[in-house]
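Participant: Before anything else, here's the structure in question.
Please treat every number below as a calculation from the coordinates, not as lab data. Everything numeric in this text was worked out from a predicted model, so none of it was measured. Neighbour counts run over all protein chains shown; Cβ positions are idealised from the backbone, glycine included.
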Amino acid sequence: MDEVKEHWERDGLSRAILDALASSGKDLGALTIRDLAPLDQFHGGGLPFTMRLATLAGLTPGTHVLDVGGGLGGPARTLAIEFGCRVTVIDLAESYVEAGRLLTGLMGLDDRITFHVGDALELPFEDGAFDAVWTQNSGMNVADKEGLYAGFHRVIAPGGLLVTQEPMSGPVQPPIYPLMWATDPATDFLRTPDELRAVIASQGFRETAWSEITIGPPPPGRPPPAHTIQALVMGDERVDEIMRASRRNEDERRIVVIHAVFAAGPTSERPRSGSRGSAR
């Protein structure tokens, strides 16, 4: 995973986010999830898609959620504020976790959200520790899908939920690069919807909701590029190229995006637990 981590890590990310907030006139002492959304919802569809996915899952107050790949914490803070959840976040990139902790502290949510640096394939948590695993656009760089979903199943309590937003291979191939998560096929591990459904089912999950969603063009009033997390991470020129490729990939159905919810089967149906890693 070293190549993947190198792709995402950014020195000075926390400072860059604070500077972008200040330059856009936000009061750091009175931030809202909508103030932060351009800078902490690092996935297709942004805050509206986070709200849609959480509503689809029917998350309720007190639900303990593990957010895998959620380092900046935008979805976690949304789940805490809008749905009353407790959230544990794990991410491979230390700079994202640092920024997530900073923003969570500014919003006074440290009692409801915690952060860990760690690998999604080596989750450092006990069996059945969470009511739900949440993941938005975090499986694209993971080749071992079977191991990924087996790990998710292990840490979800029986009857708990897997809630996911995931880009997948569309009927037209190959995708056009660069993608947000990969410059070439070497670190791009998308599968088709049918393939991924089969993998998830094989690891003890039962599908309860599945829908293809359309991201579409940016809405009117979108923040200037300098005030978006995509531009801060990728740079203005590169993000423009990525967004042009993304539009073609969606329009030509080279990549499709799915919102889905699965229920975890009982303990007797769980795959054998693998070794547990430790957060770095």
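Participant: Applying 1/(1 + (r/R0)^6) with R0 = 45 Å to the Cβ-Cβ distance of residue 241 and residue 110, what FRET efficiency is obtained, to the nearest 0.05?
Facilitator: After rounding to 0.05, the efficiency reads 0.75.
Participant: Could you give the distance between the Cα centres of region 98-166 and region 10-75, to the whole Å?
Facilitator: Going from one Cα centre to the other spans 15 Å.
Participant: If I model a spin label at residue 98 and residue 251 as a point 7 Å from the Cα along the Cα→Cβ vector, what separation in nanometres do I get?
Facilitator: 3.9 nm
Participant: If we count every other residue with Cβ under 9 angstrom of residue 95's Cβ, Lys/Arg +1 and Asp/Glu -1, where does the sum land? Numbers along the way, then the final one.
Facilitator: Numbers: positive: 10; negative: 9, 11, 94, 98.
Surrounding charge for residue 95 is -3.
Participant: Whose amide H sits under 5 Å from the amide H of residue 121, counting only residues 5 or more places off or on another chain, with H placed in the peptide plane?
Facilitator: The list, which skips near neighbours in sequence, is empty: none.
Participant: What's the magnitude of the charge dipole for region 2-266 around its Cα centre, counting Lys and Arg as +1 and Asp and Glu as -1 at the beta-carbon? Answer in Debye, nearest 20. Could you put the intermediate results ahead of the total?
Facilitator: On the way: 22 positive and 37 negative charges, 164 e Å.
With only Lys, Arg, Asp and Glu charged at Cβ, the dipole is about 780 debye.
Participant: Moving on to the next point. Can you tell me the FRET efficiency between residue 64 and residue 258 if r is taken as the Cβ-Cβ distance and R0 is 35 Å, rounded to the nearest 0.05?
Facilitator: Numbers: r = 24 Å, r/R0 = 0.69.
According to the calculation, E is roughly 0.90.
Participant: Which of 216, 29, 265 moves the most in a Gaussian network model of the chain with Cα springs under 10 Å?
Facilitator: 29
Participant: Pick out, from 162, 74, 137, the residue whose Cα sits farthest towards the positive end of the charge dipole of the chain, with +1 on the Cβ of Lys and Arg and -1 on the Cβ of Asp and Glu.
Facilitator: It is 162, whose Cα lies furthest towards the positive end.
Participant: Only Cα pairs within less than 10 Å get springs; with that Gaussian network setup on the chain, which residue of 151, 73, 170 has the largest fluctuation?
Facilitator: In the Gaussian network model the winner is 170.
Participant: So for the chain: antiparallel DSSP bridges make up what percent, rounded to the nearest 5?
Facilitator: Here the antiparallel bridges make up roughly 45 percent for the chain.
Participant: D for the chain, whole µm²/s, Stokes-Einstein with Kirkwood Rh over alpha-carbon pairs at 25 °C and 0.890 mPa s: what number?
Facilitator: On the way: Rh = 18.9 Å.
In µm²/s, the coefficient is 130.
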